[in-house]
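A quick write-up on the structure given underneath.
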Ligand code: SF4
């Protein structure tokens, strides 16, 4: 056996280090890396089964044009010509890229540079829009930048961990193990705030099953309690603007919106107030909401008011769903951001990036966010669309409409590792990309640690890295010098140099200390938390009270709880929540290859409370039809008190490929947060009947 190679897990934003050893027959032994700071050798079930998912079944091995295999030269020229011709006839905003938190940072950087710098449109958005765009908006409103203040060590050093809209035990299992280790070592208390009783509740000291979407009311109640209990940090509040208005809004809000008893709210507030080292972890239950940004700010308000931020064992902590959601945020892969946390709408920032890239003028306004983008595709406003490593025909809300929009688009390119997805089947041009364990680059995890992904398996067939495909299309569109990269290390150096300019302009993101890495240095790059510059390295932000708004202060934001956009009524009497299960990932294109993982929960299901089941005459394992105004699904009923009466839960993983009748996002309305553009995926309405 060869010596093991250090790399990073393909799945969630914990970003666990793995040791990969090819077996010489196309297989791979995967172990946890004891030296990686994120996991210290631990892996969850998905990470441990990665070796079972590297086979070549279903792999896309050559470019295909309308189903017919063609060579790379013809494929790339066709893509470049179709995009160039569309832009020439209809303008730069008639084309779009929809990319993915699965991309490596170097791929992401090139895609963003091509669209914003050289095509001259901001129509690049990412499936991370569905994942944590509300956190990006909340961070920027509070801090002036999209900065994660803390580190994973804070979970080890906290005395209270509050999980808000996060089933950490299943969705970020290795972080949950760290919390349990802290509990064993120092007695850390755990509170879960979630309408549903999840696996994370099993070890919790308190579970607050609040009404769906009412998080703002709960954190407003906490802010009021902190003031009344004398728990504000007056010294830290000198670094914060907006306290009075925020408190006024909190006082005017109604804690009864949470559906919790006064005793439950009081017990939570007393626990929070009485514990200095509090980390509030939040995830998709907060983000995937028509009020997601306000929910984030409601949480940040409490930490800012008490100075519980940027110090050991305390702070708000967003945990991301994808391996490189954070890298995508850093390179500006969202339609409303620029590279290195620079601002698209700031003329000085645009000028700096334009000068650095030696590009044409950058777009002055944000591009189309994911939901808007697919609506524009459906209207025919977007005429050429490039989808990279994501499956929007399944994962977008109102998925049937998205599927129809893609099918009707003039020219659709899909880069992926497989042609067997609902989206890939709609492509005019399919481009084979290298997969995890076949490609080199970097990812950033939820605590700002940049880790290398390393190639240990050969690229199969004609598959190429995404950065190389994108750069070649850029060259063929006439932008030769800007995309003449020799490899990912060169892209990374350029990116690091741009971050140094951003840091000089007062931004948080700074990896300029890595800008001089040569090939050997890049190859050997150990996990490194940013910022990385001569004067700064890898620690927490904001403990010193310095923020990134003009004037250097943080901003508290007045927020008021609103109910979910879709109203439960006679026709659709159930609140439908969607989410992940422990052993599957997104639309199962990789985890579905592992028999071991599929054994955990083998088919799509609907969780239903016993009282509702009795009323509907539904027994355990019956098939039920679930209908919403947008669509319907047929699912296996599970009768459980984990959901409250009137609420149902269904997993999001199954697709038209694996279970044609169970595409749950076909039932979710395309309602979005007005600030972040993130869809409300956890509060649809539905009717349920026996099938
Ligand atoms: Fe991979 Fe996330 Fe599991 Fe770690 S916790 S092994 S990153 S899926």
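Read the figures in this text as sums done on the coordinates, not as results from a lab. Predicted model, so just to flag it, every value in this text is computed and none were measured. Cβ: placed from backbone, ideal geometry, glycine included. Neighbour counts: every protein chain shown.
General observations
- Alpha-carbon centroids, the stretch 182-247 and the stretch 391-468: separation in whole Å: 38
- Computed label-point distance, nm, for sites residue 634 and residue 484 using a 7 Å Cα→Cβ extension: 5.9
- Theoretical gain in end-to-end length, residue 81 to residue 505 [0.36 nm per residue, Cα-Cα removed]: 148.9 nm
- Using a simple spin-label model with pseudo-atoms 7 Å out from Cα toward Cβ, residue 621 and residue 379 lie 5.1 nm apart.
- Beta bridges by DSSP in the chain, antiparallel share as percent, to the nearest 5: 45
- Cβ-Cβ FRET estimate between residue 611 and residue 256, R0 fixed at 25 Å, reported to 0.05: 0.65
- For the stretch 304-365 versus the stretch 512-588, the gap between their alpha-carbon centres in whole angstrom: 10
- Relative contact order, percent, the stretch 365-426 [alpha-carbon distance under 8 Å, six or more residues apart]: 36
- Based on C-alpha pairs under 8 angstrom that are at least 6 apart in sequence, the stretch 133-319 has a relative contact order of 34 percent.
- Highest mean packing comes first when the peptides 279-285, 427-433, 152-158 are listed by Cβ atoms within 10 Å, giving 279-285, 427-433, 152-158.
- For a modelled paramagnetic label at residue 238, 7 Å from Cα along Cα-to-Cβ, the residues of the stretch 536-579 in reach, with backbone nitrogen under 12 Å, are 545.
- Compactness check for the stretch 34-79: Cα Rg over 2.2 N^0.38 Å is 1.96.
- Peptides 191-201, 480-490 ranked from most to least packed by the mean count of surrounding Cβ atoms within 10 Å: 191-201, 480-490.
- Ordering 438, 345 by the number of other Cβ atoms within 10 Å of each residue's own Cβ, fewest first, gives 345, 438.
- Spatial offset of the stretch 52-95 relative to the stretch 109-145 amounts to 24 Å, using the alpha carbon center of each.
- Length released on extending from residue 245 to residue 602, taking residue separation times 0.36 nm less the Cα-Cα span: 123.5 nm
- Normalised by the number of residues in the stretch 574-690, the mean separation of alpha-carbon contacts (under 8 Å, six or more apart) gives a relative contact order of 36 percent.
- Linear extension gain, residue 70 paired with residue 153, 0.36 nm per residue minus alpha-carbon span: 24.9 nm
- Cβ-Cβ distance of residue 88 and residue 497, R₀ of 30 Å, FRET efficiency by 1/(1 + (r/R0)^6): the value works out to about 0.40.
- In nm, spacing of pseudo-spin labels at residue 25 and residue 181 (7 Å Cα→C-beta vector): 3.4
- Shown for 691, 374, 492: other C-beta atoms within 10 Å of each C-beta, ranked fewest to most, produce the order 691, 492, 374.
- DSSP beta bridge pairing in the stretch 574-690, given as percent antiparallel to the nearest 5: 60
- In range of the label at residue 266: residues from the stretch 196-232 whose backbone nitrogen is under 14 Å from the point 7 Å along Cα→Cβ: 225, 229
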